[in-house]
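Heads up, the thing below is written out as structure tokens.
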Amino acid sequence: MERALFNAFEQALGKQAVLTSAADCLAYGFDNSAYRQNPRMVLLPTSTEQVQAAVRLARHYRLPLTARGRGTNTTGASVPAENGIVISFERMNRIIDLSPGDRTAVVQPGVLNGDLQAALLEHGLLDRKSVV
């Protein structure tokens, strides 16, 4: 059953986007809080379509799915539920559109705050004193 489950996700997202070994999954079982729970698998999508496929499969198999950025939060929000799956957005890290006139940015969920701030600085949308 476990191999069939992994195969379903690998077929939908590609083998390189599905981590299943305990060693690979270990780093995704905690954040900056005291909570710990190793995921059953980790998904590393690169597109919206892969995210949609992952959500559909998780729902089909009735597996809890936990969204994760870089795991720096301190609340345990990126720690998976028991027997759950982590979907990490670290590979979805592009700034898609930056419109200085509208003061808006469209970014993928894995964009680092520092990368966005650097892009905003280039367009005069952020004061250097404000940069974290």
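Just in the range 80-132: which trypsin sites (Lys or Arg not before Pro) are loop by DSSP and have at most 16 other Cβ atoms within 10 Å?
R91, R94, R103
Please sort by residue number the GluC sites (Glu not before Pro) in the range 1-53 whose DSSP state is loop and whose Cβ has at most 15 other Cβ atoms within 10 Å.
Numbers: sites: E2, E10, E49; in loops: none.
Passing sites in the range 1-53 do not exist.
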Can you give the three extents of the C-alpha atoms in the chain along their principal axes, from longest to shortest, in whole Å? 54, 33, 21
The answer for L65, listing residues at least 5 apart or on another chain whose modeled amide H is closer than 5 Å to its amide H, is I85
Would you mind computing, in nm to one decimal, how far apart the modelled labels at H123 and E82 are, each placed 7 Å from Cα along Cα→Cβ? 4.7 nm
How large is ³J(HN,Hα) for each residue in the range 38-51, as worked out from phi by the Karplus curve 6.51 cos²θ - 1.76 cosθ + 1.60 (θ = phi - 60°), to whole Hz, x for Gly and Pro? 5, x, 5, 7, 10, 10, 10, x, 10, 9, 4, 5, 5, 4
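So what's the back-of-envelope 222 nm ellipticity for the chain, counting only DSSP H runs of four-plus at -39500 (n - 2.57) apiece and dividing by all residues, rounded to 500? Don't skip to the end; give the middle numbers.
Details: 4 runs with 40 residues, N = 132.
Rounded to the nearest 500, it is -9000 deg cm²/dmol.
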Antiparallel content of DSSP bridges confined to the chain, in %, to 5: 50 percent
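Each value in this text was obtained by applying a stated rule to the coordinates, not by laboratory testing. These numbers were taken from a predicted model, which means no experiment stands behind them. Cβ atoms come from the backbone with ideal geometry, glycine included; neighbour counts cover every protein chain shown.
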